[in-house]
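Before any comments, here is the structure.
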């Protein structure tokens, strides 16, 4: 699949298949409808409506929200309704630079439709004819794409860049 085909595939969805996930007045994610219905089993933790999931407003602090949601997420993962948890806390924010409303295991971030971001560093090392390209690789212990090159779109560098890096 070409990179542009992958981008098109990722952008082919209907928001009617999702419901907004809110913490207070902040929309922090989009949850698939079937998962939103599963959240009803956690009682008052998630206020589940036909067109909205709202985290219990009585959970007033990020620490309280984090603990309550962690217990629910662990149960969902145990039942196979969401992917494997990673043991890595990820801040749930309304917008980039905002305060964390709570933290969520990174393995559950996508399931709750929360935008996740990562930063990767690749670079050139040396000067002149001795210049080489340094390309970061994911750790072999990662659950997704272990050992893969850390390139935007997870694409390999061009052939000339590969040759330069090996010589």
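Wholly within region 1-52, which strands (runs of 3 or more DSSP E) include no fewer than the required count, namely at least 1 residues that are in contact with a strand residue (DSSP E or B) (Cβ under 7 Å, 6 or more places away or on another chain), in contact (Cβ under 8 Å) with a residue 40 or more places away in the chain and assigned by TED's automatic domain parsing to the domain that holds residue 100?
Once the strands (runs of 3 or more DSSP E) in region 1-52 are filtered for at least 1 residues that are in contact with a strand residue (DSSP E or B) (Cβ under 7 Å, 6 or more places away or on another chain), in contact (Cβ under 8 Å) with a residue 40 or more places away in the chain and assigned by TED's automatic domain parsing to the domain that holds residue 100, what remains is 18-23, 26-32.
Quick test of your reading of the structure: residue 76 fulfils all but one of (1) crowded, with 16+ Cβ neighbours inside 10 Å; (2) touching a strand residue (DSSP E or B) at 6+ places or on another chain (Cβ under 8 Å). Name the failing condition by number.
Condition (2) is where residue 76 drops out.
With the structure loaded, tell me whether residue 129 is over 17 Å from the mean Cα position of the chain (by Cα) and either in the same structural domain as residue 17 (by TED's automatic domain parsing) or assigned to a strand (DSSP E or B) (or both) or whether it fails that test.
Judged against the criteria, residue 129 is not a match.
If a residue has to be more than 17 Å from the chain's Cα centre (by Cα) and closer than 20 Å to residue 93 by Cα to count, how many in region 20-47 make the cut?
So the answer is 8.
Take residue 138 and tell me if it is outside the structural domain of residue 94 (by TED's automatic domain parsing), free of Cβ contacts under 8 Å to residues at least 24 places away in the same chain and loosely packed, with under 11 Cβ neighbours inside 10 Å. Steps first, please.
Working: outside the structural domain of residue 94 (by TED's automatic domain parsing): yes; free of Cβ contacts under 8 Å to residues at least 24 places away in the same chain: yes; loosely packed, with under 11 Cβ neighbours inside 10 Å: no.
Taking the combined requirement at face value, the residue does not satisfy it.
Can you say whether residue 90 is assigned to a loop (DSSP other than H, G, I, E, B) and without any contact (Cβ under 8 Å) to a residue 60 or more places away in the chain, as far as the supplied structure shows?
no
Within region 106-128, take every residue that is touching a strand residue (DSSP E or B) at 6+ places or on another chain (Cβ under 7 Å) and under 23 Å from residue 76 (Cα atoms) and give me the one that is modelled with the lowest pLDDT.
Looking at residues that are touching a strand residue (DSSP E or B) at 6+ places or on another chain (Cβ under 7 Å) and under 23 Å from residue 76 (Cα atoms), I get 116.
With (1) more than 25 Å from residue 143 (Cβ to Cβ); (2) at pLDDT below 95; (3) in contact with a helix residue (DSSP H, G or I) (Cβ under 9 Å, 6 or more places away or on another chain) as the list, and residue 2 as the residue in question, which single condition is left unmet?
Of everything listed in (1) more than 25 Å from residue 143 (Cβ to Cβ); (2) at pLDDT below 95; (3) in contact with a helix residue (DSSP H, G or I) (Cβ under 9 Å, 6 or more places away or on another chain), residue 2 misses just condition (3).
Per-residue answers, yes or no, for (1) over 21 Å from residue 22 (Cβ atoms); (2) part of a loop (DSSP other than H, G, I, E, B); (3) touching a helix residue (DSSP H, G or I) at 6+ places or on another chain (Cβ under 8 Å):
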{"position": "95", "(1), (2), (3)": "no, yes, no"}
{"position": "100", "(1), (2), (3)": "no, yes, yes"}
{"position": "115", "(1), (2), (3)": "no, yes, no"}
{"position": "120", "(1), (2), (3)": "yes, yes, yes"}
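Which condition number in (1) at pLDDT below 95; (2) touching a helix residue (DSSP H, G or I) at 6+ places or on another chain (Cβ under 8 Å) is the one that residue 46 fails?
Among (1) at pLDDT below 95; (2) touching a helix residue (DSSP H, G or I) at 6+ places or on another chain (Cβ under 8 Å), the lone unmet condition for residue 46 is (1).
Out of (1) in contact with a strand residue (DSSP E or B) (Cβ under 7 Å, 6 or more places away or on another chain); (2) in a loop (DSSP other than H, G, I, E, B), the odd one out for residue 60 is which?
(1)
The values are calculated or read from the model by the stated rules, or taken from the named source; none is laboratory data. Bear in mind that the values here come from a model prediction, so they are computed numbers and not experimental data. Virtual Cβ from ideal backbone geometry, glycine too; neighbours counted across all protein chains shown.
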